[in-house]
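Data first, discussion second: the structure below is written as structure tokens.
The values are calculated or read from the model by the stated rules, or taken from the named source; none is laboratory data. A quick note: this is a predicted structure, and the numbers were derived from the prediction, not measured. Cβ atoms come from the backbone with ideal geometry, glycine included; neighbour counts cover every protein chain shown.
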């Protein structure tokens, strides 16, 4: 029986946990999630992950505290720790690494960056059971640059109430489109939104184009710059 590397994902957002878990499971990992720091500490002992993806801000104890506890309590059972946070200043990253983390991954990050970061921390004998980069047939059919863009909602409630902005698109139903619209939070890329909603990447891209045309969203790159030409 093939043993797949175990990863524990810790974030107080269930949707973030779901998105990360789905991406890593697609890449071949066995994944558990925790929403609080104390829950994470218990699962580290029971689940014994090779990699711990740890949000800095948690509702009970900080990710930094979890990181320190894991490193101090398991010195002979090394866990590769990746801190994730919207705090991406150099001082934040430096402080996180000093707490014992191996990597600091600023939010928002792409599925590709996530999978690559986790793969680098997996023991070499187990690397053959997972993929080193994120890829799928559905994603490859859309331009990579488009999949890395981050949509943000526009305050256009009139358009959402008075008519369906999706009515011109025969390729996606209203229920799926509104599911996608609800998942847009200004942090997830198109590729990550596909993972969260369970929709095909092509379907997500088509719906995003409709939303953009109807002035319901704006598109930004990872640096926060407005992008108009990619669609």
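Counting only helices (runs of 4 or more DSSP H) that fall entirely inside the range 50-126 and contain at least 3 residues that are outside the structural domain of residue 195 (by TED's automatic domain parsing) and surrounded by 18 or more Cβ atoms within 10 Å (Cβ to Cβ), the qualifying elements are 63-73, 111-120.
Entry remark, the range 25-47: residues being modelled with pLDDT under 90 and in contact with a strand residue (DSSP E or B) (Cβ under 7 Å, 6 or more places away or on another chain) number 1 in total. Mind checking which residues of the range 19-47 are in contact with a helix residue (DSSP H, G or I) (Cβ under 6 Å, 6 or more places away or on another chain) and over 15 Å from residue 68 (Cα atoms)? Of everything in the range 19-47, those that are in contact with a helix residue (DSSP H, G or I) (Cβ under 6 Å, 6 or more places away or on another chain) and over 15 Å from residue 68 (Cα atoms) turn out to be 19, 22, 23, 27, 28, 31, 32, 33, 34. Against the definition (surrounded by fewer than 16 Cβ atoms within 10 Å (Cβ to Cβ) and modelled with pLDDT under 80), how does residue 223 come out, yes or no? So residue 223 fails the test.
Rundown of residues vs (1) in contact (Cβ under 8 Å) with a residue 60 or more places away in the chain; (2) within 16 Å of the chain's Cα centre (by Cα); (3) over 11 Å from residue 130 (Cβ atoms), yes/no style:
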| position | (1), (2), (3) |
| --- | --- |
| 4 | yes, no, no |
| 16 | no, yes, yes |
| 23 | yes, yes, yes |
| 35 | no, yes, yes |
| 38 | no, no, yes |
| 41 | no, no, yes |
| 44 | no, no, yes |
| 48 | no, no, yes |
| 52 | no, yes, yes |
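In the range 166-179, of all residues being surrounded by fewer than 23 Cβ atoms within 10 Å (Cβ to Cβ) and not in a helix (DSSP H, G or I), the one that is modelled with the highest pLDDT corresponds to 173. Scanning the range 180-209 for residues that are in a loop (DSSP other than H, G, I, E, B), surrounded by fewer than 20 Cβ atoms within 10 Å (Cβ to Cβ) and at pLDDT below 80 gives 198, 200.
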